[in-house]
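Take a look at the structure set out below.
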């Protein structure tokens, strides 16, 4: 496995790559799909629980994986973060041959505010991913009240170029109401964009993998029901990309 960090041009953002090694015994895997992970943190900070552990899980299932540490903080603005996301996607796609990845099979996976960034890239990006994975995402501009800076809504910007999406949320999320995912799903439905939506009944905001690997020792962050989001997502992504 190769691990390295790419600095995004004209930004403090970094893209950490986790790439499988090539092998003559894995000749069918020299053109792998990949996932770019956007951790959450309210655009105030970036959660480590929603970064490398998520990338490692996708890596373990055959994907190349990346973690984007994008611009955050009150001194920044939404366009800074979106520019970072666009640069990261362009970097991955333009290095597809060198990094042995399929440029038409790039998913973004965002959590909370990172979910807002992933959705924004999918509906507003000048270059767009091939799939979006939105984990308890901020979608509505009304969420700006808890974020580091004002953000636009994503649901009203869904168009014919928006990629397929996988969404999950918990019904009693008190930090980011489930309405955010429901509104995005409704917009995708009206736009005839394929999507899969899972609403689990219980669980606090910020579950990440919802198991002990990302619980930080909190029993509340271990939720057997909500932890099914990752296996469900892997099945969805495999079907979408026709991965072997």
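For residues that are touching a strand residue (DSSP E or B) at 6+ places or on another chain (Cβ under 8 Å) and at pLDDT 95 or above, tally how many sit in the range 23-61. Even if it seems obvious, please write down each step before you answer.
Filtering the range 23-61 down to residues touching a strand residue (DSSP E or B) at 6+ places or on another chain (Cβ under 8 Å) leaves 31-40, 46-47, 50-52, 54-56, 58-59.
Pick out the ones that are also at pLDDT 95 or above and you get 32-40, 46-47, 50-52, 54-56, 58-59.
Residues in the range 23-61 being touching a strand residue (DSSP E or B) at 6+ places or on another chain (Cβ under 8 Å) and at pLDDT 95 or above: 19 in total.
Has the range 115-137 got at least one residue that is within 18 Å of residue 47 (Cα to Cα), surrounded by fewer than 23 Cβ atoms within 10 Å (Cβ to Cβ) and touching a helix residue (DSSP H, G or I) at 6+ places or on another chain (Cβ under 9 Å)? So far as the range 115-137 goes, no, none of its residues is within 18 Å of residue 47 (Cα to Cα), surrounded by fewer than 23 Cβ atoms within 10 Å (Cβ to Cβ) and touching a helix residue (DSSP H, G or I) at 6+ places or on another chain (Cβ under 9 Å).
Scanning the range 195-244 for residues that are closer than 20 Å to residue 105 by Cα, touching a helix residue (DSSP H, G or I) at 6+ places or on another chain (Cβ under 8 Å) and loosely packed, with under 14 Cβ neighbours inside 10 Å yields a single hit, 244. Remark: residue 44 matches the filter, which requires a residue to be touching a residue at least 24 places away in the same chain (Cβ under 8 Å), surrounded by fewer than 21 Cβ atoms within 10 Å (Cβ to Cβ) and closer than 14 Å to residue 113 by Cα.
Scanning the range 92-111 for residues that are under 19 Å from residue 163 (Cα atoms) and in contact (Cβ under 8 Å) with a residue 12 or more places away in the chain gives 92, 93, 101, 102, 104, 105, 106, 107, 108, 109, 110, 111. Taken over the range 13-45, the criterion of being assigned to a loop (DSSP other than H, G, I, E, B) and within 22 Å of residue 131 (Cβ to Cβ) is satisfied by 13, 20, 30, 31, 39, 40. The set of residues from the range 146-194 being in a loop (DSSP other than H, G, I, E, B), touching a helix residue (DSSP H, G or I) at 6+ places or on another chain (Cβ under 9 Å) and more than 23 Å from residue 44 (Cβ to Cβ) comprises 158, 159, 161, 162, 163, 164, 193, 194.
Based on this model, can you work out whether residue 72 counts as more than 14 Å from the chain's Cα centre (by Cα), at pLDDT 95 or above and over 30 Å from residue 202 (Cα atoms)? Taking the combined requirement at face value, the residue does not satisfy it. Within the bounds of the range 79-94, is there any residue that is modelled with pLDDT of 95 or more, out of contact with any strand residue (DSSP E or B) (no Cβ under 6 Å at 6 or more places or on another chain) and in a loop (DSSP other than H, G, I, E, B)? No: zero hits. Regarding residue 214, is this residue under 21 Å from residue 37 (Cα atoms) and touching a residue at least 24 places away in the same chain (Cβ under 8 Å)? Answer is yes for this residue.
The values are calculated or read from the model by the stated rules, or taken from the named source; none is laboratory data. Since this is a predicted model, take the numbers as computed values, not measurements. Cβ coordinates were reconstructed from backbone atoms using ideal geometry, including for glycine residues, and neighbour counts include every protein chain displayed.
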